[in-house]
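Written out below as structure tokens is the structure these notes cover.
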Amino acid sequence: MAWLGHVMPMEGKRIPKRVLEWKPTGRRNRGRPRKRWIVDIKEDIQIMGIRGWRKLCKERREWKKISEKTKTHSGL
């Protein structure tokens, strides 16, 4: 969660931001598709009941509070 708060405010041309927003193309092996990191984070955010997380990522103090809450949240 802390890393997400660090990367989201970055410009779109920076490598960490591009990696975060990258969607793989091409064929995959048979079976269940592997989860992407961002999908897992979105599930955690939904469990915590956070709304407007993209906007909150840009506010450092608010995101710091959220990332501290996630460390102690028992459902994650």
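Points worth noting:
- Qualifying helices (runs of 4 or more DSSP H) (wholly inside the chain; at least 3 residues being loosely packed, with under 10 Cβ neighbours inside 10 Å and out of contact with any Cys (no Cβ under 7 Å at 6 or more places or on another chain)): 60-72
- Of all the numbered requirements in (1) closer than 23 Å to Ser67 by Cα; (2) modelled with pLDDT under 85, Gly26 misses one, and that requirement is (1).
- Any hit, the range 48-57, residues being modelled with pLDDT under 90, under 16 Å from Ala2 (Cβ atoms) and touching a Ser or Thr at 6+ places or on another chain (Cβ under 9 Å): yes
- Restricting the first member to the range 20-37 and to residues that are under 27 Å from Met1 (Cβ atoms), and the second to residues that are surrounded by 10 or more Cβ atoms within 10 Å (Cβ to Cβ) and of a type in the set (A, V, I, L, M, F, W, C), the beta-carbon pairs closer than 7 Å and six or more apart or on different chains are Leu20/Val7; Leu20/Ile38.
The values are calculated or read from the model by the stated rules, or taken from the named source; none is laboratory data. Everything quoted here is computed from the prediction, not taken from an experiment. So basically every Cβ, Gly included, is an ideal-geometry build from the backbone, and we count neighbours across all protein chains shown.
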